[in-house]
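Enquirer: So that we are looking at the same thing, I have put the structure below in structure tokens.
Any read-out appearing in this document is the output of simple, stated calculations on the displayed coordinates, not a laboratory observation. Computed from a predicted model, the values in this text were never measured in an experiment. No Cβ is skipped: glycine too gets one built from the backbone with ideal geometry, and neighbour counts run over all protein chains shown.
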């Protein structure tokens, strides 16, 4: 697993080969846009918006065989794409 973070505003996590995983992350209180991305195709395979009160947040991945990435962006700091 590899992770990049921008001072709690956005996070990118890369997972190599495997199956379904649960990731626990310590996040500040905010609304978050969450995307699980198939890194081979670049397609978003699961997406959600989540309100988090602060503290530990658990993110359950979809089932995967090859690599997958998780992108988490605090909505109050998101830049339109």
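Enquirer: Go through region 54-66 and give me each residue that's loosely packed, with under 15 Cβ neighbours inside 10 Å and within 17 Å of residue 11 (Cα to Cα).
Expert: Residues satisfying the conditions are 54, 55, 56, 58, 60.
Enquirer: Please find, among 18, 8, the residue that is touching a residue at least 60 places away in the same chain (Cβ under 8 Å) and surrounded by fewer than 16 Cβ atoms within 10 Å (Cβ to Cβ).
Expert: After applying the criteria, what remains is 8.
Enquirer: Taking region 25-39 as the region of interest, how many residues are buried (at least 16 other Cβ atoms within 10 Å of the Cβ), over 13 Å from the mean Cα position of the chain (by Cα) and without any contact (Cβ under 8 Å) to a residue 40 or more places away in the chain?
Expert: Summing the residues that are buried (at least 16 other Cβ atoms within 10 Å of the Cβ), over 13 Å from the mean Cα position of the chain (by Cα) and without any contact (Cβ under 8 Å) to a residue 40 or more places away in the chain in region 25-39 gives 0.
Enquirer: Which condition from (1) over 10 Å from the mean Cα position of the chain (by Cα); (2) over 17 Å from residue 68 (Cβ atoms) is the one that residue 42 breaks?
Expert: The one condition residue 42 does not meet is (2).
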